[in-house]
Amino acid sequence: MPDMAETRIVDSPAGAGAMLKAVLPTVPGINQLPGVKKTSRELPDLVLRREGVEITREAVAPYAAIAGFPTKDVAPLPYVHNLAFPLHMALLTDQSFPFAAMGLVHLENSISQLRPIAFGEKVDVEVKAANLRKSTKGKAFDMLTTVSVGGETVWEETSTYLRVGGGDKENGDAGMALSDVEATGAIWSLPTDLGRRYAAVSGDRNPIHLYPLTAKALGFKGHIAHGMWTMSKAVATLEARLPDAVRVDVAFKTPIFLPGKVRFGAVPVDGGLDFAVTNPRNGAPHVLGRTRAL
């Protein structure tokens, strides 16, 4: 059957208003109002698209600095996620989306870079939701991103999210099988304002990353680092060892509370690297990951 998905062009990505739209469906009383109440049980057949977004050195520089990427003439591999994130938020907060955006857990992320994207190139970005399924802890779904230059696909991403509750421990999706890596490398010290600084360059202003008070209001004991910052820092640490065409997979295991310290480690395997970000006191993984040449 032909693809009958609706495609919407997004000219001006959502700003601070998107976070308000994310919160309202979780507020008792307000979440029953028309236009706020979630009524669908299926993912919308909807594609959101940004066109002609130029990759500039000026936009990339603050992100590269906070993640630790060197100065080059191409965008860091995970940077393009920041161009897709406003579309993620627009889709998650659309009236047709079945779940409230606030409270979703970012479980996994996979990025395939088919070739580097140079400064000055203009990209088209498309995002859609797919693969709603039972997980061991609730319902999981994927946000699929495709980035192209002149019709050529150059970058793809799958961001997997979880709605907690009603999981199937026996038959539900257990997620990616990634190798446990003993992290024996450098210890990273993460400052208390890391979440606010990364929010400023990524656009992800989820309150759980900003201040202890805002995180506690959402059920956390303190504010936590962005998973995508941790992925970015890991990729930056490994970048000199990665080919131009590469896939990077990560699974976010446990939150990193700020301020805090974590330890990084990586081991070579056939076709790439396996890596981990762990608690330096007990070795428990915060993030497990792998890179593989394409």
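Values quoted throughout were computed directly from the atomic coordinates according to the rules given, and no laboratory measurement underlies them. Only a predicted model underlies this, so the values are computations on that prediction, with no experimental measurement involved. Because the Cβ atoms are built from the backbone with ideal geometry, glycine has one as well, and the counts that use them run over all protein chains shown.
Data table
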read-out: Alpha carbon convex hull of segment 73-113, projected area averaged over orientations, nm²; value: 3.7 nm²
read-out: Segment 200-269-segment 50-90 distance, computed between alpha-carbon centres (Å); value: 16 Å
read-out: Per residue convex hull volume, Cα atoms of segment 103-158, in Å³; value: 100 Å³
read-out: Exposure proxy order (Cβ contacts within 10 Å, fewest to most) of 152, 108; value: 152, 108
read-out: Relative contact order (%) - criterion: Cα under 8 Å, at least six apart; region: segment 176-294; value: 33 percent
read-out: For 119, 275, order by how many other beta-carbon atoms lie within 10 Å, fewest first; value: 119, 275
read-out: For 159, 112, order by how many other beta-carbon atoms lie within 10 Å, fewest first; value: 112, 159
read-out: Net charge of neighbours whose Cβ lies under 13 Å from the Cβ of residue 204, counting Lys and Arg as +1 and Asp and Glu as -1; value: +3
read-out: Charge context of residue 136, other residues only, Cβ under 10 angstrom, K/R +1, D/E -1; value: 0
read-out: Segment 105-202: relative contact order in percent, alpha carbon pairs under 8 Å with at least 6 residues between; value: 29 percent
read-out: Inverse of mean 1/r across different Cα pairs in segment 204-259, Kirkwood, Å; value: 12.7 Å
read-out: Overall dimensions of the chain as given by Cα atoms, namely Rg and Dmax in Å; value: 18.6, 54
read-out: Geometric extent, Cα atoms of segment 176-294 - Rg, Dmax (angstrom); value: 14.6, 45
read-out: Cross-link table 216/261; 169/221; 134/253; 134/261; 233/253, entries beyond 24 Å C-alpha to C-alpha; value: 169/221; 134/261
read-out: Stokes-Einstein diffusion coefficient of segment 120-202, Kirkwood radius over Cα pairs, 20 °C, 1.002 mPa s, in µm²/s; value: 130 µm²/s
read-out: Calculated [θ] (222 nm, deg cm²/dmol) that DSSP helices of n ≥ 4 give over the chain, each run adding -39,500 (n - 2.57); value: -5500 deg cm²/dmol
